[in-house]
Amino acid sequence: MVDQIYTQMRAMQMLTKSQEITADNLANLNTPGYKGSKVFYQMMNEEMGGKTVSMSTPKTQIDLTQGVLESTGNPFDLAVDGEGFFSVQQEGQTLLTRNGRFYLNDAGTLVDQQGSLVMGEGGPINLSELMSQELSAAELNLEVQSDGTLTINGESKGKLQITTPQSAADLQRKGAGYFTLEGPSKDAAGANTRIVQGFFEKGNVEPLNEMVDMMQTMQLFESQQKAMRTTDEILTKVTGQLGRF
């Protein structure tokens with residue numbers, strides 16, 4: 001009977017974890033480049049009362065489904081269409097992101113909305129020429145080709161560093177839409193990737209699906225609560241009757 005209460009408690013803990021993930025997905029509906037999390041369950045062995053019991057444990061994985069590309073007309077807005085992530089540098093650490101809403105800082109270096117340096121294959125990308133007081137905007141034409149090469153009036157200024165993980169399981173969230181890669185990356189030449197200028201990628205969270213998941217999780221949680229209450233009542237009655245003898 002006690003084992004049954006423990007199992008019901010574990011089920012409620014797992015459902016709570018699922019609800020937290022769903023809530024996080026919904027909170028980032030409007031975050032550019034956001035990749036939602038998916039929940040899956042894995043059987044794990046646990047020691048309970050001197051016995052090994054198989055329990056279903058929730059695990060999370062990043063959903064790498066492509067988000068919708070939205071046009072802005074801003075030449076500094078870039079989107080990854082296909083596989084891969086932009087690489088940025090923050091306080092010496094290399095991070096990955098799908099949020100390509102970039103701009104130039106005071107030094108003319110390309111940065112993201114958090115101020116992290118956007119990395120090219122040869123280091124941070126500097127486009128200070130675009131800040132020149134001697135040339136008008138009409139005389140400076142920034143183009144980003146589909147392979148990530150940046151040019152100003154046809155002259156190459158670097159190539160975006162795009163990193164493609166071998167598996168979504170190798171990605172770890174770091175907040176603010178960032179990830180770290182804990183495993184190997186794919187060969188860039190074999191990646192199915194296209195950079196699109198003047199667009200940004202919207203988050204890939206489907207609000208209707210998330211709301212349905214949230215309601216189903218709530219119903220399952222309430223069912224486990226009722227089952228635990230019933231088990232507790234039965235255990236109380238049995239304990240009370242044993243006390244008479």
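The values are calculated or read from the model by the stated rules, or taken from the named source; none is laboratory data. Bear in mind that the values here come from a model prediction, so they are computed numbers and not experimental data. With ideal geometry, Cβ positions are generated from the backbone for all residues, glycine too; neighbour counts draw on all protein chains shown.
Values as computed for the structure displayed
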item	result
Condition met for LYS186 (basic (Lys, Arg) and at pLDDT 90 or above)	no
Among residues of segment 96-133, those that are surrounded by fewer than 17 Cβ atoms within 10 Å (Cβ to Cβ), part of a loop (DSSP other than H, G, I, E, B) and more than 20 Å from the chain's Cα centre (by Cα), counted	8
Where MET12 falls short, out of the listed (1) of a type outside the set (Gly, Ala, Ser); (2) at pLDDT 95 or above; (3) surrounded by 14 or more Cβ atoms within 10 Å (Cβ to Cβ)	(2)
Qualifying residue in segment 206-215 (condition: under 21 Å from GLN89 (Cα atoms) and within 18 Å of the chain's Cα centre (by Cα))	no
Selection status of THR60, under 30 Å from MET12 (Cα atoms) and not in a strand (DSSP E or B)	no
Flag if LEU142 is closer than 26 Å to ASN25 by Cβ, modelled with pLDDT of 90 or more, touching a Pro at 6+ places or on another chain (Cβ under 6 Å) and not assigned by TED's automatic domain parsing to the domain that holds SER37	no
Those residues of segment 173-202 which are free of Cβ contacts under 8 Å to residues at least 12 places away in the same chain and either surrounded by 12 or more Cβ atoms within 10 Å (Cβ to Cβ) or under 17 Å from ASP112 (Cα atoms) (or both), in sequence order	GLY175
Single unsatisfied condition, VAL205 versus (1) surrounded by 20 or more Cβ atoms within 10 Å (Cβ to Cβ); (2) part of a strand (DSSP E or B)	(2)
For ASP147: the one exception among (1) surrounded by 14 or more Cβ atoms within 10 Å (Cβ to Cβ); (2) over 23 Å from the mean Cα position of the chain (by Cα); (3) in contact (Cβ under 8 Å) with a residue 40 or more places away in the chain	(1)
Pick from segment 63-81, criterion outside any strand (DSSP E or B) and among the small types (Gly, Ala, Ser), ranking: modelled with the highest pLDDT	GLY67
